[in-house]
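Just so it is clear, none of the values below were taken in a lab; they were calculated from the coordinates. Nothing here was measured: the structure is a model prediction, and the numbers come from that model. Positions of Cβ are generated from backbone atoms using ideal geometry, with glycine treated the same way; all protein chains shown enter the neighbour counts.
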Amino acid sequence: MIKKEERNKQRKKRHIRFKEKVQGSANIPRLSVFRSNSNIFAQIIDDEKAVTLVSASSIDKELKLTNGSNIEAAQKVGELLAKRAKKAKIKKVKFDRGGYLYHGRVKALAEATRKNGLEF
């Protein structure tokens, strides 16, 4: 009997394939998104130095969220990430959706970062 792979394993394979093609640099870093069942995390990474330049998540005490797993939380995380990126003088990024579909929370985070000044 053929067994279907778990969804998370399939997502990790998609993410690895994508990371091979898109590498973040000092000029244009990579905006990586991780979505769990209860929270959403985003970070801007310089892959050449393997350093996280800016990060934001629904766990941040600055946001004071009661539920970190909805679209409103993702929008607030995107706004916070864009503000922190402006302080770090980052204007352009490459968007890495982490193997997830560009839909729902991932899309809300991406659109919120665009509205607040990041280009990708």
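Remarks
- Test: residue 54 is of a type outside the set (D, E, K, R), in contact (Cβ under 8 Å) with a residue 12 or more places away in the chain, touching a Gly at 6+ places or on another chain (Cβ under 9 Å) and surrounded by 14 or more Cβ atoms within 10 Å (Cβ to Cβ): no
- Count of residues meeting criterion [assigned to a loop (DSSP other than H, G, I, E, B) and either within 16 Å of residue 24 (Cβ to Cβ) or of a type in the set (Ser, Thr, Tyr) (or both)] in segment 59-98: 9
- Residue match in segment 28-38 (condition: out of contact with any Asp or Glu (no Cβ under 9 Å at 6 or more places or on another chain) and outside any loop (DSSP other than H, G, I, E, B)): yes
- Residue within segment 59-72 that is under 14 Å from residue 34 (Cβ atoms) and under 12 Å from the mean Cα position of the chain (by Cα) present: no
Here's the yes/no breakdown for (1) more than 15 Å from residue 102 (Cβ to Cβ); (2) under 14 Å from the mean Cα position of the chain (by Cα); (3) surrounded by 12 or more Cβ atoms within 10 Å (Cβ to Cβ):
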| position | (1), (2), (3) |
| --- | --- |
| 9 | yes, no, no |
| 16 | yes, no, no |
| 24 | yes, yes, yes |
| 28 | yes, no, yes |
| 31 | no, yes, yes |
| 36 | yes, yes, no |
| 41 | yes, yes, yes |
| 45 | yes, yes, yes |
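- Evaluated against (1) part of a helix (DSSP H, G or I); (2) of a type outside the set (Ser, Thr, Tyr); (3) under 13 Å from the mean Cα position of the chain (by Cα), residue 56 falls short on exactly one condition, (1).
- Residues of segment 76-109 that are within 25 Å of residue 11 (Cα to Cα) and either touching a residue at least 60 places away in the same chain (Cβ under 8 Å) or of a type in the set (Asp, Glu) (or both): 93, 94, 95, 96, 97, 98, 99, 100, 105, 106, 109.
- Test for residue 89: is it exposed (fewer than 15 other Cβ atoms within 10 Å of the Cβ) and either within 20 Å of residue 117 (Cβ to Cβ) or not β-branched (Val, Ile, Thr) (or both): yes
- Qualifying residue in segment 39-56 (condition: more than 26 Å from residue 119 (Cβ to Cβ) and either among the hydrophobic types (A, V, I, L, M, F, W, C) or in contact with a Cys (Cβ under 8 Å, 6 or more places away or on another chain) (or both)): no
- Any hit, segment 31-45, residues being more than 29 Å from residue 61 (Cα to Cα) and not charged (D, E, K, R): no
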